[in-house]
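A short reminder: the numbers here are calculations on the coordinates, not readings from a lab. The shown structure was predicted, so the numbers you read here are calculated from the model rather than taken from an experiment. Neighbour counts run over all protein chains shown; Cβ positions are idealised from the backbone, glycine included.
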Amino acid sequence: MSKKITVSKAIGEGLHEEMLRDDKMFIMGEDMAVMGNVFAITRGFLEEFGPLRVIDTPISEEGFVGMAVGAAMRGMHPCVELMYDDFVTECADPLFNQAAKLKYMSGGQCSIPLVLRMPMGSGRRNAGQHSQSLEGMVCHFPGLKVVAPCTAEDAKGLIKAAMRDPDPVIVMEHKLLYARKEEIPEGEYITPIGKAKVRREGKDLTIISWSREVNFSMEAAETLAKEGIDVEVLDLRSLVPLDWDAIRESVSKTHNVIIVSEEVKRGSYAGELSAQIAEELFDELDAPVERVCGLNIVSPFSPVLEDQNFPHPEDIVKAVKRVLNK
Amino acid sequence: MAFENYPKEFLLDLYRTMVRIRSFEEHAAECFTKGMLAGNIHLSIGQEGAEAGAFAAIKPQDFFTSTHRGHGHAIARGADPKLAMAELFGKKTGYCKGKGGSMHIADMAKMNHLGANGIVGAGQPISAGSALASKIMGDDSVTVGCFGDGSTNEGSFHESLNMAAAWKLPMVWFIENNCYGVSTEIHRVTNTPDLATRAAAYGVEYAVVDGTDVVAVYEAMEKAMEHARSGKGPYVVEAKVYRYQGHYCGDPAVYRPAEYMEEALKNDAIEKMGKKLVESGVTEEELEKIKAEAQQEMDEAVKFADESPYPDPSEVLDDMYTVDNERCVAR
């Protein structure tokens, strides 16, 4: 049995089920309680769970992310939202120096079961401080897990997995996915962290992607199919830990790879993946790995300019043909 | 309450805690100077009165955070000097199995010690978050955030205190003001004579106390803890102390005027309390015995740390969840 709901509703459903299941869980962030979140993800939660478990914070990202770390050390399971992933610079210390490190630095005395939801991504015409894709930055820090679902089904399954994980998990949610209506299974289910999913099987080339660019990759694959090019689309879903087996298996089959992400290309997580594939699967490759990413620029405001700054299906099609020399 | 009205054992315990902190620090300094310790250490010598007084007011169920200058807090809370010293040595037997070192002693299970921290200002939101956890769970513990003057100028201080105040969290902040952030005298970078007065901006009660008077600190902290525990929200106590050494062990502190140390030595918390105790009938021999016991205890701690094994290199991946290191350490 399945039902059709939006990605944002799927996330809300996952959070709601976890709030009912886990009395140590609480939600905090800007506009999460009375308003029920700017994307209505937690609408009705305040009335149902009360002000101690659904908390509106002041605009103090360093303070409330740090407080979530402290509460997590005491055995609570905080689910915190940063309104935009761009604001991660405001809470860099509690996230990167505290949440990511305290388990290791204390010799394993505590874990930090913190979930940090980060709406991210380009395309909403929000200019340079509200449009970034900072996977490369957050994936750098050992101690954090990072997931970036594309579908409504995974958005729900991964938020539930994140809430049950003993370590800090960053959930990157593309803002332009929230309104998409998709089929999800009825009832409770978990999408395991660290498992990629083949969205489309193919034999000529592997597109590795995550989040919204998976949809663009699927569109590109359909276009290419009409021209007789058979592309496999691997949706990573989890960036850290990485499903290396899935990557190896696919690359060993197709022998050609492109990596598609919205990130600034320089210093991107796509670059890290490219390096790992080049280091370890060199003998499997028929051509160099290509990255299809954003430009090395500040995200522009004007729609005409912003559209230059993240990969569209036609860019992916071009890259595939370039790699396959077609 | 007047000094002489406190039970003698209570006063001797305060004295003993101060002496043990100083002895631990002097032993650590000696080990550092001899090259037995890697890295850096930051000593609490000169701050013992504040630390012994504050922790006497903290109950077993309470939690606390500490700083890079945190050995004294751990000892005052009842840390085993052997395990603390072993952590300074980077040994497997240390509180954090040698993964944290001097700036990161923690003991979450036995001491409710949520960790010393190498980042100035990191303990403020963590202590506020622990207090939030207490409020949500409805337990009767108070969380004490211990930190120095320098961190009161971090944004995290203001963000966290504002939230703790708005939500009436059971939290006490204990500022040890030794007047120096590394080399920078606090009043060169801060316009208020006291730091605790900033609490007023958030509608939080506060007290400023002489940190070289251990009993005065105890009394201020008792009041603060009672306030926080009874649901009235946070409280800030500032204790004025001296930092006898430079910022780190081996820093000659040439940036400081000579008068600073002259004042410090005139106000030494251990000397002052020793005199008062003798005036109230305690014998010099009793005090000497406390000092000798501390000396012996810390000698043994050094011996334990020195003789303990280092972690096995294979332990480098322990306590990390990541599973992708098998491919990373191919070298």
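Dipole size in debye (nearest 20) for the range A:2-185 around its Cα centre, Lys and Arg Cβ +1, Asp and Glu Cβ -1? Numbers along the way, then the final one.
Numbers: 20 positive and 25 negative charges, 77 e Å.
Charge dipole, the range A:2-185, about its Cα centre: 360 debye, nearest 20.
Within 10 Å of each Cβ of A:71-81, how many other protein chain Cβ atoms are there on average? Don't skip to the answer; put the middle values down first.
Details: counts 12, 4, 10, 16, 2, 7, 0, 4, 0, 0, 0.
Mean partner-chain Cβ count within 10 Å for A:71-81: 5.
For the range A:120-267, give me the percentage of DSSP beta bridges that are antiparallel, rounded to the nearest 5 percent. Display every interim value, and only then the final one.
Details: 5 of 18 bridges.
Rounded to the nearest five, the antiparallel share is 30 percent.
Tell me, what is the Rg over Rh of the protein assembly as shown, with Rh the Kirkwood radius over Cα pairs?
Values: Rg = 28.0 Å, Rh = 26.8 Å.
My calculation of the ratio gives 1.04.
Rounded to the nearest 500, what is the 222 nm mean residue ellipticity of chain A from helices alone, with -39500 (n - 2.57) per DSSP H run of 4+ residues and division by all residues? It would help to have the intermediate numbers written out before the result.
On the way: 11 runs with 109 residues, N = 326.
Only helices count here, giving -10000 deg cm²/dmol.
What does the charge dipole of the range A:197-324 about its Cα centre add up to, to the nearest 20 debye, if the Cβ of each Lys and Arg holds +1 and the Cβ of each Asp and Glu holds -1?
Values: 15 positive and 25 negative charges, 38 e Å.
That gives the range A:197-324 a dipole magnitude of about 180 debye.
Just to be sure I understand: with springs between alpha-carbon atoms less than 10 Å apart, which residue in B:Asp140, B:Asp251, B:Asp299 has the highest mean-square fluctuation in the Gaussian network model of chain B?
Checking each option, the largest mean-square fluctuation is seen for B:Asp251.
Please work out the Cα convex hull volume for the range A:122-213 and give it in Å³ per residue.
On the way: hull volume 12.5 nm³, N = 92.
So the per-residue Cα hull volume is 136 Å³.
Thinking of chain B as a set of Cα atoms, what percent of all their pairs are more than 29 Å apart?
Values: 20710 of 54615 pairs.
Everything past 29 Å amounts to 38 percent.
GNM on chain A, C-alpha springs below 10 Å: top fluctuator among A:Phe282, A:Phe26, A:Phe216?
It is A:Phe282.
Along the charge dipole of chain B, Cβ charges K/R +1 and D/E -1, which of B:Gly118, B:Val209, B:Phe10 sits furthest on the positive end?
With unit charges placed on the Cβ atoms, the residue in question is B:Gly118.
About its Cα centre, what dipole magnitude does chain B give when the only charges are +1 on Lys and Arg Cβ and -1 on Asp and Glu Cβ, stated in debye to the nearest 20? Walk me through the numbers before you get to the answer.
On the way: 33 positive and 50 negative charges, 149 e Å.
That gives a dipole near 720 debye.
If neighbour count is taken as other Cβ atoms inside 10 Å, put A:Ser111, A:Ser261 in order from fewest to most. Working shown, then result.
Values: A:Ser111 18, A:Ser261 29.
Lowest count first: A:Ser111, A:Ser261.
Would you give the gap between the C-alpha center of the range A:126-175 and the C-alpha center of the range A:284-326, rounded to a whole Å?
Value for the Cα centre distance between the two parts: 22 Å.
Please compare each pair in B:Lys240/B:Lys289; A:Lys103/A:Lys265; B:Lys240/B:Lys272 to a cut-off of 24 Å on the Cα-Cα distance and tell me which ones are over it.
Working: B:Lys240/B:Lys289 29 Å; A:Lys103/A:Lys265 31 Å; B:Lys240/B:Lys272 15 Å.
Long pairs (Cα-Cα over 24 Å): B:Lys240/B:Lys289; A:Lys103/A:Lys265.
Give me the log10 of I(q) over I(0) for chain A at q = 0.06, 0.07, 0.09, 0.13 Å⁻¹, as the Debye formula computes it from C-alpha points; what are the numbers?
So the normalised log intensities are -0.20, -0.27, -0.45, -0.94.
Give me the one-decimal nm value for the distance between modelled label points at B:Lys232 and A:Thr223, 7 Å along each residue's Cα-to-Cβ direction.
Rounded to a tenth, the inter-label distance reads 6.9 nm.
Provide the percentage of antiparallel DSSP beta bridges, counting only those with both residues in the protein assembly as shown; round to the nearest 5.
Numbers: 13 of 68 bridges.
That works out to approximately 20 percent antiparallel.
Using a Gaussian network model of chain A with C-alpha springs under 10 Å, which one of A:Glu279, A:Glu222, A:Glu173 is most mobile by mean-square fluctuation?
In the Gaussian network model the winner is A:Glu279.
Need the C-alpha centroid separation for the range B:236-285 versus the range A:214-269, integer Å.
Using only Cα atoms to place each centre, the spacing works out to 65 Å.
Could you grab the Rg to Rh ratio for the range B:1-137? Cα atoms only, Kirkwood for Rh.
Values: Rg = 15.4 Å, Rh = 15.6 Å.
Dividing the radius of gyration by the Kirkwood radius yields 0.99.
For every helix of n ≥ 4 consecutive DSSP H residues, a contribution of -39,500 (n - 2.57) applies; sum these over chain B, divide by its total residues, and give [θ] at 222 nm rounded to the nearest 500 deg cm²/dmol. Walk me through the numbers on the way to the answer.
On the way: 12 runs with 145 residues, N = 331.
Helix contribution divided over all residues of chain B: -13500 deg cm²/dmol.
In vacuo Debye scattering of the range A:1-62, one point per C-alpha: log10 I(q)/I(0) at q = 0.24 Å⁻¹?
Each listed q corresponds, in turn, to -1.00.
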